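Chemist: Just passing along the structure, written as structure tokens.
Just so it is clear, none of the values below were taken in a lab; they were calculated from the coordinates. From a predicted model like this one, the values you see are computed outputs, not experimental measurements. Note that we place each Cβ from the backbone using ideal geometry, even for glycine, and neighbour counts take in every protein chain shown.
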Amino acid sequence: DDDDDDDELDRTVSVPHSMSFSDAARKTGKSDLRKRMEKRFFEADSLNSEELRAWEREKMHSAATPHFVSGIDERGRGLYKKDRGNQKGYYVGLHPTADIPTDTENTRVTLESLHKKLHGYLQDLNEIKTSKKQHKERVLADLESLKLELPLQQEELKDACNRYDFFKETKIYISSLVDCIDSKAEDIDMLESDAHVVYKASFDRARDAFTVYSDVLAQEGGDENTISVLEKWRSIYVRRGCDDFTEALTDDDEEYKEENDRSLRDIEAKGVAIMDDVYEDYSHISKILPRFERWREEYKETYTSAFIAMSLQKLIKPLVTLELLLWNPLCELEKFEKMEWFSLAKSYSQKSDLDSGFLGDIVEMCLFPKFCGFIEFVYNPLSASQTSCAHSVYTRIVAIVKHDTPEKETFKVALTRNLIQASAFLQPIQPNPSATFPYLQQLSFKNALKFCNNVLAWNGCVREDDIKTVLFGVVDAVLLPAMHDASDMHVATSWCTAFVSLFPSEWFRVGGIALQNIRATTRNFSEFLCLFGRKLQTPNDVEAIAGVLRFISEEKKATNLLHAMKN
């Protein structure tokens, strides 16, 4: 028993000694191993960062230390299976019903496995370092690029600020300009209307005087008052000549001329004063167009999208009208091409293709309607000087406004109406010289001939058929009655050849329907010439009438007339 007790005592005492020694040896070995590994790897590693060293020591410590979980005792021995159900934790990685391994005490960390693990960590760190380095290089490159772009960005910012300031200022300016023009447009239109009234009154007076003159011609003398009127006009005719005879009818009334000029001067003064309360930037075209020209040059896209090329002429129309207030196309003292608005509009339209039609639009919108108003209400077709001046103005306008416009059609209708009305004021040519006033016959003939010349001046400006209608209407109303009643057949024949010589020859050098139309127009004239020619006594006069018939494409009638003369 004593022996058994001693053995049992030995067993009881020896276990803790053995275990204590083993634990001490194991701890010593682990400590030495960690030291050797740190010395070996950290001396060879090129990474000297203190943070990295601390991280590596932490990882090595965790790799060298066994992990225990609930269900394992302090020596790594598993609990009995019957006590497993009372535990809250289980061995890591095992199914709850699986047997817990009991050989954890034999778990060993080898140098090779630790080396592999640390080598992987170091490779990852090298990759991270390389990535960080590359990222740093990219950041530095981007920084250099931004430094280079900074002046450009600053310049763009400056341009954007200038752009904002420009459009802000332009918006305020245009708003103020529109308000100013709207407030003055009605007054300007009223002044223009007043000027037209003055010109229209002058035309009415001249036409009334010519009506009286025509009535006196029809009377062939008469009472003392009529004789005095004729003598006065005779002196005017001698002084001025036939070309300006209708203007000369009112030249003797100095009082009327002074009143007329005074009215025009008053209108001109009102036109100047109408803009006295307006800054020059809003009242002068020379100040307005440069602002829009700058917009067009610096910000072309917004200039186009704002449709400035289509609206600018409407904006400055009242200012152009104000400058044209006293412009008279029938006695153009100053050509419109010499006016300031025209030169400015021409320069503006020539500097850019965007506004190439700007000048034409201004002329069509402002000048052409004013010209049409003069033609319809003021123009006297009996005046050679007015006809010459008006025709010149029309030719120059059409050279600028080349496309068809409603104003062109308005002009043609107004001119045709005026020509027809003026032809009604012509009295027939005096068929025989008056014993009291022998010059009246020649005067009436020259007036009629002058009117036909004035009408033909518009050939090509209005419809050819309208010109023919007016001329052959004058022939029927003025020439034929005088030829019928004339006592001197030779003089009557000369009147006929003088009238026909005015007609363009191409009117009668046609065929087909055009020839039929011209013959229908001249049928009354040609039939009268056939009857008149048979009354002539001299061969030369007959040949002259036959030549007139051939000129108007009546060959058959001319041949019959000559054949009748021979018989």
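Chemist: How many nm separate the modelled label positions at SER352 and LEU315, each set 7 Å beyond the Cα in the direction of the Cβ?
Modeler: Here the answer is 1.1 nm between the modelled labels.
Chemist: Let me ask you something else. With θ set to phi - 60°, apply the Karplus curve 6.51 cos²θ - 1.76 cosθ + 1.60 along region 355-372 and write out the HN-Hα couplings as whole Hz, x wherever there is a Gly or Pro.
Modeler: With coefficients 6.51, -1.76 and 1.60, one gets 10, 5, x, 4, 4, x, 5, 5, 5, 5, 7, 10, 7, 4, x, 5, 5, 4 Hz.
Chemist: If you don't mind, another one. Per 0.36 nm of contour for each residue apart, how much would the distance between LYS168 and SER183 grow if the chain were fully extended, relative to their Cα-Cα spacing? Intermediate results must be reported in sequence, preceding the final value.
Modeler: On the way: separation 15, 0.36 × 15 = 5.40 nm, distance 2.31 nm.
Stretched out fully, the LYS168 to SER183 stretch lengthens by 3.1 nm.
Chemist: Subtracting the Cα-Cα distance from 0.36 nm times the residue separation, let me have the gained length for ARG205 to ALA160 in nm, one decimal.
Modeler: Length gained between ARG205 and ALA160: 9.7 nm.
Chemist: Can you pull the one-decimal nm distance between simple spin-label points at ASN126 and ARG417, each 7 Å off the Cα toward Cβ?
Modeler: 10.4
Chemist: On to the next question. Report Rg(Cα)/(2.2 N^0.38 Å) for region 246-381, keeping two decimals. All intermediate terms of the calculation are to be shown ahead of the outcome.
Modeler: Numbers: Rg = 18.3 Å, N = 136, 2.2 N^0.38 = 14.2 Å.
Dividing the Cα radius of gyration by 2.2 N^0.38 Å gives 1.28.
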